Amino acid sequence: MTEYLDNDDSNRFTKELRNEVVKIIHYTFPLRYKFLPESYVLTENDEILGLITVLPKMGNPYKIIITRLIFQNNLYDVGKQLVEFVIAKYGAMGAVSFSVKIDNSHDELVQLFLNDCGFRHCSYENLWKIENFNGKEYHPARFRICQNSDAKKVSELYNAEVNSLYKPALIRIKTEFKEPFFGGITNFYKNRYVLEEAAHRRIIAYLSITTGDNTNFILDLTTCDGYEISYDEVLAFAAKEISYKKSNFYMFFKQKQYTNTSEKFEEYLHSKGYSCIQTQCVLIKDFYKPIKQKENALQVFLFGENGIAVD
């Protein structure tokens, strides 16, 4: 079969076949060791009514990402049952949060998660298509490969740039910025880079370049609000790095509206005439809730079944 597919499809198909045995064994792993997507179906009289796929967060498997939800037309109760099933299953295994990103145009699906499944709307992520960019006009920014030893500083940079309103939901631990041990088995690959301030060797920017098909590349940039960083030079660096692997490709820039630099970044994207091709709602559900604070009291979190939602 694979010889009739094009090169990229052939590679992905054969990789999936090789990983099939690993996936079967993967279902038996405790949550802390999970790293691959897992899927479940709801059936009735041997008919499949719906399917849900979840993926443990790389570097923090106690965060569960819902990546796929399929059900027959208008059977929203099936969708609800599938979501409740994975929350109960992985919650019992120790998961503390569940997240899903849904296209802003899918109102009914958003309402399913918000009203029926107890998620909360956290923020938005926009995807901008970079077109007609000539990287040769700019000097590429001097990023270097991100090492595992940089993970703590990168997580501090990322968490500092998350808007305080969203910090409880979106902060990330250092292991989420480390190169995963089983990265070669996943169905995508991600390259990570950091930019340092020359004088004090302080990390002032973090860039990841991710692709699942070796044609479309998503750039995710986190910068320190206290430094002026040229987005043109960042794009020039990314284009140069991707060109080493692929001559024809498409670049997309992810804009995270929950960061302090989001508005400045959006102004740049508009000024260049780039198009926002997708807006996704970031929905979160978790198992903790903040207790009402008294004056000068510490913030305390209770763990239980009726929690608020976060990533």
State all residues of the range 65-82 that are out of contact with any strand residue (DSSP E or B) (no Cβ under 7 Å at 6 or more places or on another chain) and either in a helix (DSSP H, G or I) or crowded, with 16+ Cβ neighbours inside 10 Å (or both); if no residue qualifies, say none. TYR76, ASP77, LYS80
Every residue from the range 185-219 that is among the acidic types (Asp, Glu) and either touching a Leu at 6+ places or on another chain (Cβ under 7 Å) or at positive phi (or both): none
Odd one out for PRO37 among (1) of a type outside the set (A, V, I, L, M, F, W, C); (2) under 18 Å from LEU283 (Cα atoms); (3) within 17 Å of the chain's Cα centre (by Cα); (4) surrounded by fewer than 18 Cβ atoms within 10 Å (Cβ to Cβ): (2)
Matching residues in the range 120-156 - criterion: being polar (S, T, N, Q) and in contact with a strand residue (DSSP E or B) (Cβ under 7 Å, 6 or more places away or on another chain): SER123, ASN126
Among the residues of the range 33-55, how many are β-branched (Val, Ile, Thr) and more than 20 Å from PRO180 (Cβ to Cβ)? 4
Scan the range 55-64 for residues that are in contact (Cβ under 8 Å) with a residue 40 or more places away in the chain and either assigned to a strand (DSSP E or B) or not aliphatic (A, V, I, L, M) (or both) and jot them down. LYS57, GLY59, ASN60, LYS63
Quick one: how many residues across the range 274-311 are on the phi > 0 side of the Ramachandran plot and at pLDDT 95 or above? 0
Within the group ALA88, ALA95, which residue is among the small types (Gly, Ala, Ser), closer than 28 Å to ILE173 by Cα and in contact (Cβ under 8 Å) with a residue 40 or more places away in the chain? ALA95
Those residues of the range 128-166 which are over 21 Å from TYR227 (Cβ atoms) and either crowded, with 19+ Cβ neighbours inside 10 Å or under 17 Å from the mean Cα position of the chain (by Cα) (or both), in sequence order: TRP128, TYR166
Which of the helices (runs of 4 or more DSSP H) contained wholly in the range 106-219 include at least 1 residues that are over 26 Å from GLN280 (Cβ atoms), assigned by TED's automatic domain parsing to the domain that holds TYR231 and touching a residue at least 24 places away in the same chain (Cβ under 8 Å)? 151-161
Extreme residue, surrounded by the fewest Cβ atoms within 10 Å (Cβ to Cβ), among residues of the range 40-56 that are over 23 Å from the mean Cα position of the chain (by Cα) and either modelled with pLDDT under 65 or of a type in the set (Val, Ile, Thr) (or both): THR43
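The values are calculated or read from the model by the stated rules, or taken from the named source; none is laboratory data. Model, not experiment: these values are computed from the prediction. As a convention, Cβ positions derive from the backbone with ideal geometry for all residues, glycine included, and neighbour counts pool all protein chains shown.
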